[in-house]
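Q: Handing you a structure now.
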Amino acid sequence: MEIITSQNGVSVNGAPLTTSATRTAAPGLLRNAIDDRIVRIRPMATPIDQLSRCGGARPCSAMKVDYYSVDVKAVSANLTEALSDETLIATDNDDVCFTLKTDNNGIFSPTETLLVPSAKTADGSPVMMYVERVDRATGVRVRLVNVGFNESGELDMDPIPVGAKVVRMGRAATELDVQTSQFEALPKKAQNYCQIFKMQVEQSTFQKLANKEVGWNFSDQEEVAVIDMRQGMEKNFLFGNKAIITDHDKNEEVYLTGGIWNQTPKTFTYKPSAMTQGTLVDMCRKAFTGEGSGSAKKILIGGSGLIEALSKVSFDKAVQAGETFVKWGIEFREIRTNFGCLYVLLSEIFDQCGHENDGFILDPDCLTKYVHVPFHTETLDLRRSGVRNTDAIVLTEASCLVLRHPESHMKVVAAV
């Protein structure tokens with residue numbers, strides 16, 4: 001078999017196109033077959049791991065994974081200095097110009113138009129501005145579009161106080177403009193570590209002969225081991241802390257993966273004893289709106305306390321409880337609101353990790369799994385090596401989960 005690589009792709013000569021040839025010529029093209037088998041084992045017990053396997057994984061060449069958490073450019077900033085007649089910039093004409101000082105000057109660009117919803121002109125319209133120049137250190141020079149001077153020579157608007165929100169709008173170019181200022185928002189680089197997950201299963205030769213194997217060639221003991229391994233992975237994927245420690249007995253480094261719980265800054269706090277339909281609507285509003293809001297359908301995975309509180313909520317036409325349905329091998333209960341749909345699922349992992357009243361709203365389209373070593377099995381020949389008369393199999397995977405758009409996910413935390 002000859003593999004030829006060119007600008008147009010990879011071709012195979014002298015042999016039929018088989019799965020092994022495909023894996024050699026185009027690694028990662030074929031989905032790992034063992035994942036198809038793993039997802040059939042108790043998918044409800046490990047929903048995060050289940051979703052990551054059904055969505056596919058990206059291979060990575062090292063245990064340290066560098067990725068970019070991409071969020072949209074901020075749409076607004078707040079004033080840190082008030083605008084009034086005293087801060088007006090003198091001009092050679094009647095233009096009304098100010099230097100805006102905000103808590104995030106870097107989001108503004110020349111030729112952008114801005115809106116201050118809380119500030120009104122004489123006719124009750126929101127104040128609108130045009131950005132002339134931007135200096136991150138000194139501020140943003142703007143010209144007020146719909147504000148002038150009254151007969152007394154004073155500004156025809158009330159002072160704009162500290163804390164007023166300034167909203168970015170579209171850019172306005174001249175007829176001869178062919179260029180505009182570059183988009184300055186860059187994705188934030190982050191890093192996570194792949195953790196090596198292992199599980200060893202042993203059984204005697206006589207017990208193996210007595211056991212009936214399942215259809216995909218894993219014994220009953222191996223199936224139980226996979227369940228236990230996935231549950232451990234689920235806990236690390238959710239609540240793990242990223243770290244590198246040293247095993248002093250082996251004098252080797254151990255990589256610990258960081259869970260997705262700590263990867264999103266977005267948090268909603270509620271009181272379990274006061275969960276109402278209004279609380280649920282508030283939660284959905286925060287989950288489905290704002291910067292980087294993401295998909296209109298998200299998954300709410302929670303502990304028994306949170307699911308109990310949601311189950312006691314009375315629904316009406318504004319908030320509806322849909323029927324149960326199965327997707328990705330998991331059975332969900334749907335809650336529909338005007339902001340979006342939540343697919344609700346109970347996870348015992350939250351209870352086991354002390355988060356029985358908490359939950360996590362996940363946008364499955366913005367979840368990425370990186371795999372350094374795909375899930376596979378290795379057979380240990382302990383009988384020939386003279387250790388013991390058993391068949392031993394080691395299950396291994398080195399992987400981690402990352403949130404590409406942190407703001408599209410949200411933690412639901414019970415108030416203390």
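The values are calculated or read from the model by the stated rules, or taken from the named source; none is laboratory data. Since this is a predicted model, take the numbers as computed values, not measurements. All Cβ positions, even for glycine, are placed from backbone atoms using ideal geometry, and neighbour counts span all protein chains on display. Protein only, heavy atoms only, side chains kept; ligands, DNA and RNA dropped before computing areas. Shrake-Rupley method; radii C 1.70, N 1.55, O 1.52, S 1.80 Å.
Q: Pull up the stretch 96-117, narrow it to residues that are open to solvent by 10 Å² or more (accessible area, probe 1.4 Å) and over 32 Å from the mean Cα position of the chain (by Cα), then point me to the one that is nearest to M157 (Cα to Cα).
A: T99
Q: For the condition open to solvent by 70 Å² or more (accessible area, probe 1.4 Å), of a type in the set (D, E, K, R), in contact with a Leu (Cβ under 7 Å, 6 or more places away or on another chain) and at pLDDT below 90, what is the one hit in R384, R388?
A: Being open to solvent by 70 Å² or more (accessible area, probe 1.4 Å), of a type in the set (D, E, K, R), in contact with a Leu (Cβ under 7 Å, 6 or more places away or on another chain) and at pLDDT below 90 holds for just one of R384, R388, which is R388.
Q: Go through the stretch 131-160 and give me each residue that's surrounded by 14 or more Cβ atoms within 10 Å (Cβ to Cβ) and either under 34 Å from the mean Cα position of the chain (by Cα) or of a type in the set (S, T, N, Q) (or both).
A: Selection gives V131, V134, G139, V140, N146.
Q: Another question, if that's okay. Of all residues in the stretch 171-212 being open to solvent by less than 50 Å² (accessible area, probe 1.4 Å) and modelled with pLDDT of 85 or more, which is nearest to the chain's Cα centre (by Cα)?
A: N192
Q: Could you please find all residues in the stretch 305-351 being in contact with a Phe, Trp or Tyr (Cβ under 9 Å, 6 or more places away or on another chain) and hydroxyl-bearing (S, T, Y)?
A: T324, T337, Y343, S347
Q: Suppose we filter the stretch 352-376 for residues that are out of contact with any strand residue (DSSP E or B) (no Cβ under 6 Å at 6 or more places or on another chain), surrounded by 18 or more Cβ atoms within 10 Å (Cβ to Cβ) and among the acidic types (D, E); how many remain?
A: 1
Q: Still on this model: So F325 clears everything in (1) out of contact with any Leu (no Cβ under 9 Å at 6 or more places or on another chain); (2) of a type outside the set (K, R); (3) open to solvent by 80 Å² or more (accessible area, probe 1.4 Å) except one condition, right? Which one?
A: Single failed check for F325: (3).
Q: Still on this structure, I have one more. Kindly establish whether I349 is touching a helix residue (DSSP H, G or I) at 6+ places or on another chain (Cβ under 9 Å), at pLDDT 85 or above, buried (at least 18 other Cβ atoms within 10 Å of the Cβ) and among the aliphatic types (A, V, I, L, M). Reasoning before the result, please.
A: Numbers: touching a helix residue (DSSP H, G or I) at 6+ places or on another chain (Cβ under 9 Å): yes; at pLDDT 85 or above: yes; buried (at least 18 other Cβ atoms within 10 Å of the Cβ): yes; among the aliphatic types (A, V, I, L, M): yes.
Against the criterion (touching a helix residue (DSSP H, G or I) at 6+ places or on another chain (Cβ under 9 Å), at pLDDT 85 or above, buried (at least 18 other Cβ atoms within 10 Å of the Cβ) and among the aliphatic types (A, V, I, L, M)), I349 qualifies.
Q: Whether any residue in the stretch 136-146 is modelled with pLDDT of 85 or more, aliphatic (A, V, I, L, M), assigned to a strand (DSSP E or B) and more than 30 Å from E407 (Cα to Cα) is what I want to check.
A: Yes, there is a match, as at least one residue in the stretch 136-146 is modelled with pLDDT of 85 or more, aliphatic (A, V, I, L, M), assigned to a strand (DSSP E or B) and more than 30 Å from E407 (Cα to Cα).
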